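Inspection log for the structure reproduced underneath, given as structure tokens.
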Amino acid sequence: DLGYMTSEKAYRIVLAGDAAVGKSSFLLRLCKNEFKLNTSATLGVDFQMKTFIVDGEPVLLQLWDTAGQERFRSIAKSYFRRADGVLLLYDVTCEKSFLNIREWVDMIEDVSQDDIPIMLVGNKCDLRQDQVESVPTSYGEKLAMTYNTLFCETSAKDGSNILEAVLHLARLVKKHA
Ligand code: GDP
């Protein structure tokens, strides 16, 4: 994919959310169609470039992984400052990561100039069958409604909804720009 070699405008998309919700895995699935059971925070790449076809037109995305630095607020903020869109992930088997979404949204809205499009993503939905405790889909839907954002559930493991989530956000970002 040599899309980034051209002078075509790239939209900056930042992956956000608590550590271990699956941000690196999401990117790995999206860009390389791979999944690793044990990912290492230090292996997180800075960003990936990829062209997607949105409504029949190529759209170049620069996808940023916060790569284990989500703990450092000042660094996270610097990622959001120049973002055109955010993929905000939680883990459907980790209630805490869902409860922390509010804080993430507050931080994003605090830092970004105007309301940048956010896609709320409940990841690891493949684990739902095995887990007694999990965040119900309706909770995610309700939260997304209060923030007026899009919502979907994904699995970086089996790949479900990963591309769809990105395409939905890319469409919004393109319209918003
Ligand atoms: P990050 O810290 O947000 O980048 O999270 P990682 O991508 O490093 O993922 C943390 C752990 O969750 C790793 O062991 C992944 O293999 C696992 N993981 C990530 N996404 C999924 C998923 O969709 N399903 C399952 N079952 N495991 C996942």
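Coordinate-derived values only; no laboratory data. These numbers come from a predicted model, not from an experiment. As a convention, Cβ positions derive from the backbone with ideal geometry for all residues, glycine included, and neighbour counts pool all protein chains shown.
Sorting Arg73, Arg29, Arg128, Arg12 on the 10 Å Cβ count, fewest up front, what's the list? Can you show the working numbers first?
Working: Arg73 11, Arg29 22, Arg128 16, Arg12 19.
The fewest-first ordering by Cβ neighbours comes to Arg73, Arg128, Arg12, Arg29.
Show which lysines lie in cross-link reach of Lys96 when reach means a straight Cα distance below 18 angstrom and same-chain residues fewer than eight apart are skipped.
Those lysines meeting the cut-off are Lys23, Lys124, Lys142.
Are there GluC sites (Glu not before Pro) in segment 120-177 that DSSP puts in a loop and that have at most 16 other Cβ atoms within 10 Å, and which ones?
For GluC sites (Glu not before Pro) across segment 120-177 that sit outside H, G, I, E and B with at most 16 neighbouring Cβ atoms in 10 Å, the list reads Glu133.
So between Ser160 and Ile75, what do we pick up on full extension, going 0.36 nm a residue minus the alpha carbon distance?
Contour length minus Cα-Cα distance gives 27.6 nm.
If the viscosity is 0.692 mPa s and the temperature 37 °C, what translational diffusion coefficient in µm²/s does Stokes-Einstein give for the chain when Rh comes from Kirkwood over Cα pairs?
Approximately 203 µm²/s, per Stokes-Einstein.
Report ³J(HN,Hα) in whole Hz for each residue of segment 92-103, in order, from the Karplus equation J = 6.51 cos²θ - 1.76 cosθ + 1.60 where θ = phi - 60°; Gly and Pro get x.
Per-residue couplings from phi come out as 5, 9, 10, 4, 4, 5, 6, 5, 7, 4, 3, 4 Hz.
What is the gain in length, in nm to one decimal, between Asp130 and Leu99 on full extension, counting 0.36 nm per residue of separation less the C-alpha to C-alpha distance?
Additional length available on full extension: 9.0 nm.
As a footprinting exposure proxy, order Cys152, Cys31 by other Cβ within 10 Å, with the fewest listed first.
Numbers: Cys152 21, Cys31 15.
Ordered from fewest to most neighbouring Cβ atoms within 10 Å, Cys152, Cys31 come out as Cys31, Cys152.
Between segment 93-115 and segment 131-177, how far is it from one alpha carbon centroid to the other, in angstrom?
14 Å
Each label point is 7 Å from the Cα along the Cα-to-Cβ direction; what then is the distance between the points at Lys174 and Ala19, in nm?
3.7 nm
State the extension gain, in nm to one decimal, for the chain segment bounded by Asp106 and Glu34, taking 0.36 nm per residue of separation less the distance between their alpha-carbons.
Length gained, Asp106 through Glu34: 22.7 nm.
Just want the ordering: Ser138, Ser160, from fewest to most Cβ atoms lying within 10 Å of their own Cβ. Don't skip to the answer; put the middle values down first.
Numbers: Ser138 8, Ser160 16.
Lowest count first: Ser138, Ser160.
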